[in-house]
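Following: one structure in structure tokens, then a few remarks.
The values are calculated or read from the model by the stated rules, or taken from the named source; none is laboratory data. In this text, all values refer to a predicted model and were calculated from it rather than measured experimentally. Neighbour counts run over all protein chains shown; Cβ positions are idealised from the backbone, glycine included.
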Amino acid sequence: MNFANGALTEAVYYILLSLLEARHGYGIMQNAEELSHGRVKLAAGTLYGAINTLLEKGWITALPGAKNSRKKEYIITDAGRQTLLRELARLEELVNNGKALLKEESL
Amino acid sequence: MRTVLHKWFWVWDYDKEEKWLNQKAAEGLALVATGICRYEFEDCERGEYLYRLELLENHPDSPESRKYLEFLEEAGIERVGSYMRWVYLRKKAADGPFDLFSDYESRIQHLNRILWLLVPITLLNLGMFLIGLNQSLGWVPFLNLAVGLLCLYGVIRFLIRKNKYKKEREISEN
């Protein structure tokens, strides 16, 4: 994953959005698919790699496990929230530019 | 009923191996265990399972791989067998399509893992061929040459595929 230019991958964006609430891995997959009306299907291997990278970055954190559950739950951190806000501003710019220029063209 | 089949696949044909296993599952034979060139099947509903192969970073029984395999289990993906660092995974077809990777980046990373396995074997055999040739060891070096060239063929196949993914990645992430 390349964060250097500030643009998040679609997978990372949806993982961070999903983790505004505590969720385990499979919950993230389901939520991303639901939010995107079935378009975004995060594959398990890709998701696992992304979760580990985000943990390293400190954008998400693992919750202390419930006693009778092996499933690990994750939640977004403040740093992750900041990242999401920056990404949202970037996406707005993309959308606004696209809308403005395409409208001009169709006039 | 158990059915045992023996078949050989080259590493660079691992997607053919996947295809073959999925075809067997479509015919009602579900892979349940693996050995060297050995595949054990049990009867299943036609098309009940989908199969995938993955080369893990670590041995399947290492703590790192166990964590990963447990994560896969959560998503309904089960390990049915392994061969060295390769694992045979399956998922119920009723749960939808089965892919391990959903973007080019992670597909490329998987190919890199395979290349790191194959490139040293290639170089080792080609190197031993050159050394053996200098020491006039008869036909032995030519065995190394044959293995080396075969692996080189595999390396080239994987490099071509990696290059294709890299080009795709330039315009789209998945």
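If B:D103 satisfies every condition in (1) out of contact with any helix residue (DSSP H, G or I) (no Cβ under 9 Å at 6 or more places or on another chain); (2) surrounded by 17 or more Cβ atoms within 10 Å (Cβ to Cβ) but one, which is the exception?
Here B:D103 clears every test but (1).
Just give me the residues in the stretch A:6-30 being within 13 Å of chain B (Cβ to nearest Cβ) and part of a helix (DSSP H, G or I), in sequence order.
Once the filter is applied, which keeps residues that are within 13 Å of chain B (Cβ to nearest Cβ) and part of a helix (DSSP H, G or I), the stretch A:6-30 yields A:E10, A:A11, A:V12, A:Y13, A:Y14, A:I15, A:G25, A:Y26, A:G27, A:I28, A:M29, A:Q30.
Can you spot a residue in the stretch B:155-165 that is surrounded by 13 or more Cβ atoms within 10 Å (Cβ to Cβ) and within 14 Å of chain A (Cβ to nearest Cβ)?
yes
Within the stretch A:45-56, take every residue that is in contact (Cβ under 8 Å) with a residue 24 or more places away in the chain and farther than 14 Å from B:Y104 by Cα and give me the one that is nearest to the other protein chains (Cβ to nearest Cβ).
A:I51
Taking the stretch A:51-74, which residues are out of contact with any Leu (no Cβ under 8 Å at 6 or more places or on another chain) and either of a type in the set (A, V, I, L, M) or at pLDDT below 95 (or both)?
The first filter runs over the stretch A:51-74 and keeps only residues out of contact with any Leu (no Cβ under 8 Å at 6 or more places or on another chain), leaving A:51-53, A:55-58, A:63-71.
Answer for the stretch A:51-74, where residues must be out of contact with any Leu (no Cβ under 8 Å at 6 or more places or on another chain) and either of a type in the set (A, V, I, L, M) or at pLDDT below 95 (or both): A:I51, A:L55, A:L63, A:P64, A:G65, A:A66, A:K67, A:N68, A:S69, A:R70, A:K71.
Just need a number here: residues in the stretch B:78-99 that are without any contact (Cβ under 8 Å) to a residue 60 or more places away in the chain, buried (at least 21 other Cβ atoms within 10 Å of the Cβ) and either within 7 Å of chain A (Cβ to nearest Cβ) or not hydrophobic (A, V, I, L, M, F, W, C) (or both).
Here the count works out to 1.
Cβ-Cβ distance below 8 Å, separation of 6 or more or different chains: which pairs start in the stretch B:100-129 with a residue that is within 14 Å of chain A (Cβ to nearest Cβ) and within 18 Å of B:L150 (Cα to Cα) and end on one that is surrounded by fewer than 16 Cβ atoms within 10 Å (Cβ to Cβ) and aliphatic (A, V, I, L, M)?
none
Does the stretch B:134-143 contain any residue that is away from chain A (no Cβ under 14 Å), farther than 18 Å from B:E54 by Cβ and modelled with pLDDT of 95 or more?
no
Quick one: would you say A:L42 is part of a loop (DSSP other than H, G, I, E, B), at the interface with chain B (Cβ under 7 Å from one of its Cβ atoms) and surrounded by 15 or more Cβ atoms within 10 Å (Cβ to Cβ)?
On the way: part of a loop (DSSP other than H, G, I, E, B): yes; at the interface with chain B (Cβ under 7 Å from one of its Cβ atoms): yes; surrounded by 15 or more Cβ atoms within 10 Å (Cβ to Cβ): yes.
It is true that A:L42 is part of a loop (DSSP other than H, G, I, E, B), at the interface with chain B (Cβ under 7 Å from one of its Cβ atoms) and surrounded by 15 or more Cβ atoms within 10 Å (Cβ to Cβ).
Quick one: is B:K67 over 16 Å from the mean Cα position of the chain (by Cα), surrounded by fewer than 20 Cβ atoms within 10 Å (Cβ to Cβ), within 10 Å of another protein chain (Cβ to nearest Cβ) and closer than 21 Å to A:K71 by Cα? Lay out the reasoning, then the answer.
Numbers: over 16 Å from the mean Cα position of the chain (by Cα): yes; surrounded by fewer than 20 Cβ atoms within 10 Å (Cβ to Cβ): yes; within 10 Å of another protein chain (Cβ to nearest Cβ): yes; closer than 21 Å to A:K71 by Cα: yes.
So B:K67 passes the test.
Would you check if there is a residue in the stretch B:38-49 being surrounded by 20 or more Cβ atoms within 10 Å (Cβ to Cβ), within 28 Å of A:M29 (Cβ to Cβ), within 14 Å of chain A (Cβ to nearest Cβ) and touching a Lys or Arg at 6+ places or on another chain (Cβ under 6 Å)?
No, the conditions are met nowhere in the stretch B:38-49.
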